[in-house]
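Here's the structure we're looking at; comments come further down.
The values are calculated or read from the model by the stated rules, or taken from the named source; none is laboratory data. Nothing here was measured: the structure is a model prediction, and the numbers come from that model. For neighbour counting, all protein chains shown are included, and Cβ atoms are generated from backbone atoms with ideal geometry for every residue, glycine included. For accessibility, only protein heavy atoms count, side chains too; no ligands or nucleic acids. Shrake-Rupley method; radii C 1.70, N 1.55, O 1.52, S 1.80 Å.
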Amino acid sequence: ASVAVPVLPRRDIALRPSPPRPSLRPLGVSRVSKGKFAVAAVTLDDYLPMRSTEVKNRTSTDGIKSLRLITAVKTPYLPDGRFDLEAYDSLINTQINGGAEGVIVGGTTGEGHLMSWDEHIMLIGHTVNCFGANIKVIGNTGSNSTREAVHATEQGFAVGMHAALHVNPYYGKTSTEGLISHFKEVLPMGPTIIYNVPSRTSQDIPPPVIEALSCYSNMAGVKECVGHERVKCYTDKGITIWSGNDDECHDSRWKYGATGVISVASNLVPGLMHSLMFEGENAALNEKLLPLMKWLFCEPNPIGLNTALAQLGVVRPVFRLPYTPLPLEKRVEFVRIVEAIGRENFVGQKEAQVLDDDDFVLISRY
């Protein structure tokens, strides 16, 4: 059986002209037809906080070459393994106040190799946004994969870093020509420091590679860890060199022509490291700091630094594995070193203390 569908009576609707619709185009943007785009989406100079040309030209390569004290800064953690940005910001402020001119973010000392790239780029961007007006931010965006190095470096410069640090490909080592080709892919992006540390990469970057790359306008220089003779080899050719070894940096600077140091020890004694790099030869100060420098590297970096900063109460005693704190006898030795150099020369306000094993938190998931 069919079902009758009721028909509602039609209501007459008076058709009135619609009011004019307000324009949704942003101020300063004109309508463009036929698929063409306006030359500039925004014409007001003050609309954006920073224009793209300012990002690209914020720091010249020469501005990086002139830096004498660059700190390879520590990354502190919360008990759940996340970044402790409050402690990190305090560390950076201490470096600025102590006279450091630049920081390496997410380097070996900062444990970039234990970070996801999201964490890594975030920390670079955070450092630029909070401190970039007062200190040069150099992001460690190197990798043993050229693809990753290119992508990370693009992102690092996009968030405003002033320069990139690039290690040579490690583990999956390559040929001399491969080294040159790898660095040629990242050099066009911005000021670049090449990092030669064969004790970690198992492959030296030989002088012919550096000399072949020195013609690039973005080649700022080399963080060199091989020794004084290699430093002099480059400085004689006018190539900017930073010592990568704290215990050699005084002589590299004043006897072999290095511009300065990329330092681990300056995390702890930035003012004294500033004096070592700026105030001329000072064999007595260098001798005074050598026990601290040797202690810092009694185990692979950053184990010593992580332990020291925890003992000074500057960071929480939290370690991302596979790093673990130095043993008790070394923790006792550090307190004695602080007393010998003078607590007033170290970062932080608390007295150095000997922490117990149970005071440390070791994180495997982060």
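Accessible surface calculations at 1.4 Å, restricted to protein heavy atoms, place the range 235-326 at 33 Å² per residue.
One Cα centroid belongs to the range 62-135, the other to the range 136-181; the line between them spans 17 Å.
Work out, in µm²/s and without decimals, the Stokes-Einstein translational diffusion coefficient of the range 61-279 at 25 °C, 0.890 mPa s, Rh from Kirkwood over C-alpha pairs.
144 µm²/s
For the peptides 254-267, 142-155, 297-310, residues were scored by their other Cβ atoms within 10 Å and the scores averaged per peptide; the highest-first order is 254-267, 297-310, 142-155.
Using the alpha-carbon centroid of each, what span in Å lies between the range 239-258 and the range 298-351? Between the Cα centre of the range 239-258 and that of the range 298-351, the gap is 25 Å. Listed by chain and number, the aspartates and glutamates placed with their C-alpha closer than 14 angstrom to that of K294 are D246, D247, E248, E333; residues fewer than eight positions away on the same chain are left out. Accessible surface for D118 stands near 130 Å², nearest 10, in the context of the full protein assembly shown (1.4 Å probe).
The relative contact order of the range 61-279 comes to 22 percent, based on Cα pairs under 8 Å that sit 6 or more residues apart. Beyond 20 Å in Cα-Cα separation lie the following of the pairs K65/K232; K136/K184; K136/K237: K136/K184; K136/K237.
A 1.4 Å probe over all protein chains sorts M122, M293 by accessible area into M122, M293, starting with the largest.
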